[in-house]
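Enquirer: One structure is given below, represented as structure tokens, and several questions about it will come after.
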Amino acid sequence: ELKVEQNPLFLSMQEGKNYTIYCNYSTTSDRLYWYRQDPGKSLESLFVLLSNGAVKQEGRLMASLDTKARLSTLHITAAVHDLSATYFCASRGGSEKLVFGKGMKLTVNP
Amino acid sequence: NAGVMQNPRHLVRRRGQEARLRCSPMKGHSHVYWYRQLPEEGLKFMVYLQKENIIDESGMPKERFSAEFPKEGPSILRIQQVVRGDSAAYFCASSREAGTVTEAFFGQGTRLTVV
């Protein structure tokens, strides 16, 4: 059974700092998703990573995938307050369902 | 092109009542997925449907919960005889097709409160 683990689960950081968050998954999967969720809102798709070594960047966020290590990272560069949200990674399980991690709640302090 | 539409956005039910949650997928999408999110938790898969077919219901509780996606109209998630533990946000997602480079788009969710 596919399991997805994120760490850390809570992160408080200063504006302007860099940080990397991690997503491990337990069984072979052909894609990895990152989503952002603001309080009381739906999930906003950030990245879809499809192959080993895939790297995607959007603004201050960069995601990568290592399928051999079953690891994805989300790197935050020069954080700003607007990045405060909860970030979820998800991997694809059987029959197209997504298995989500518990999410990482990020707070960026001025 | 409207996104995934869910209604109602908020639903309050008394214990023992029925809750009906609706999801209209994006135009051109024939695959619908329902997820449940408890407070401070990630999303948990419930059921995956295509038009008139349930493909995977491995995440659905065995009792009181049912889902359908008829040929015409929205997908419905029905919870009978609701209990306090059913209080959660229920999200629907849709995708164009399975097995290729696909991305699931999520609706705004229905927040169910059982009092």
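The values are calculated or read from the model by the stated rules, or taken from the named source; none is laboratory data. Keep in mind that what you see is a predicted model, and the values were worked out from it rather than measured. Glycine also receives a Cβ, built like all others from the backbone with ideal geometry; neighbour counts cover every protein chain displayed.
Enquirer: In region A:86-110, which residues are among the polar types (S, T, N, Q) and either crowded, with 17+ Cβ neighbours inside 10 Å or at the interface with chain B (Cβ under 9 Å from one of its Cβ atoms) (or both)?
Expert: A:T86, A:S91, A:S95
Enquirer: Could you please let me know if B:Y33 is modelled with pLDDT of 95 or more, buried (at least 17 other Cβ atoms within 10 Å of the Cβ), within 25 Å of A:K102 (Cβ to Cβ) and of a type outside the set (A, V, I, L, M, F, W, C)?
Expert: Criteria not met by B:Y33.
Enquirer: State whether the residues of region B:65-82 include one that is farther than 22 Å from A:Y35 by Cβ, of a type in the set (D, E, K, R) and at pLDDT 95 or above.
Expert: Yes, some residue in region B:65-82 is farther than 22 Å from A:Y35 by Cβ, of a type in the set (D, E, K, R) and at pLDDT 95 or above.
Enquirer: Here's a check for you: in region B:1-15, which residue that is in contact with a strand residue (DSSP E or B) (Cβ under 9 Å, 6 or more places away or on another chain) and assigned to a loop (DSSP other than H, G, I, E, B) is modelled with the lowest pLDDT?
Expert: B:A2
Enquirer: Kindly establish whether A:A79 is hydrophobic (A, V, I, L, M, F, W, C) and touching a strand residue (DSSP E or B) at 6+ places or on another chain (Cβ under 6 Å).
Expert: yes
Enquirer: Could you tell me whether B:E57 is surrounded by fewer than 15 Cβ atoms within 10 Å (Cβ to Cβ) and either away from chain A (no Cβ under 11 Å) or of a type in the set (D, E, K, R) (or both)?
Expert: No.
Enquirer: In region A:54-73, how many are surrounded by 22 or more Cβ atoms within 10 Å (Cβ to Cβ) and over 24 Å from A:D38 (Cβ atoms)?
Expert: Qualifying residue count, region A:54-73: 1.
Enquirer: Also, quick follow-up: Taking into account only those residues within region B:83-115 that are surrounded by 15 or more Cβ atoms within 10 Å (Cβ to Cβ) and aliphatic (A, V, I, L, M), which is modelled with the lowest pLDDT?
Expert: Here the residue is B:A104.
Enquirer: Any residue in region A:74-84 that is surrounded by fewer than 20 Cβ atoms within 10 Å (Cβ to Cβ), farther than 26 Å from B:V4 by Cβ and polar (S, T, N, Q)?
Expert: yes
Enquirer: So if I check each of B:R13, B:R64, B:R78, which one is away from chain A (no Cβ under 11 Å), surrounded by 17 or more Cβ atoms within 10 Å (Cβ to Cβ) and over 25 Å from A:G103 (Cβ atoms)?
Expert: B:R13
Enquirer: Within 12 Å of the chain's Cα centre (by Cα), closer than 17 Å to B:S95 by Cβ, within 14 Å of chain B (Cβ to nearest Cβ) and surrounded by 12 or more Cβ atoms within 10 Å (Cβ to Cβ) - does that describe any residue in region A:24-32?
Expert: For region A:24-32, residues within 12 Å of the chain's Cα centre (by Cα), closer than 17 Å to B:S95 by Cβ, within 14 Å of chain B (Cβ to nearest Cβ) and surrounded by 12 or more Cβ atoms within 10 Å (Cβ to Cβ): present.
Enquirer: While we're looking at this one, here's another question. Give region A:40-57 a look and list any residue that's more than 13 Å from the chain's Cα centre (by Cα), within 23 Å of B:F106 (Cβ to Cβ) and touching a residue at least 12 places away in the same chain (Cβ under 8 Å), or say none. Steps first, answer last, please.
Expert: Kept after step one, since they are more than 13 Å from the chain's Cα centre (by Cα), are these residues of region A:40-57: A:40-42, A:50-54.
Checking which are within 23 Å of B:F106 (Cβ to Cβ) leaves us with A:40-42, A:50, A:54.
Correct list: A:L50 only.
Enquirer: Show the residue pairs meeting these rules: Cβ distance below 6 Å; 6+ apart or different chains; first residue within region A:15-30 and within 14 Å of A:T107 (Cα to Cα); second residue loosely packed, with under 12 Cβ neighbours inside 10 Å and small (G, A, S).
Expert: These pairs meet every condition: A:G16/A:A78.
Enquirer: For the subset of region A:63-84 comprising residues that are of a type in the set (S, T, Y) and modelled with pLDDT of 95 or more, which member is farthest from A:G40 (Cα to Cα)?
Expert: A:S64
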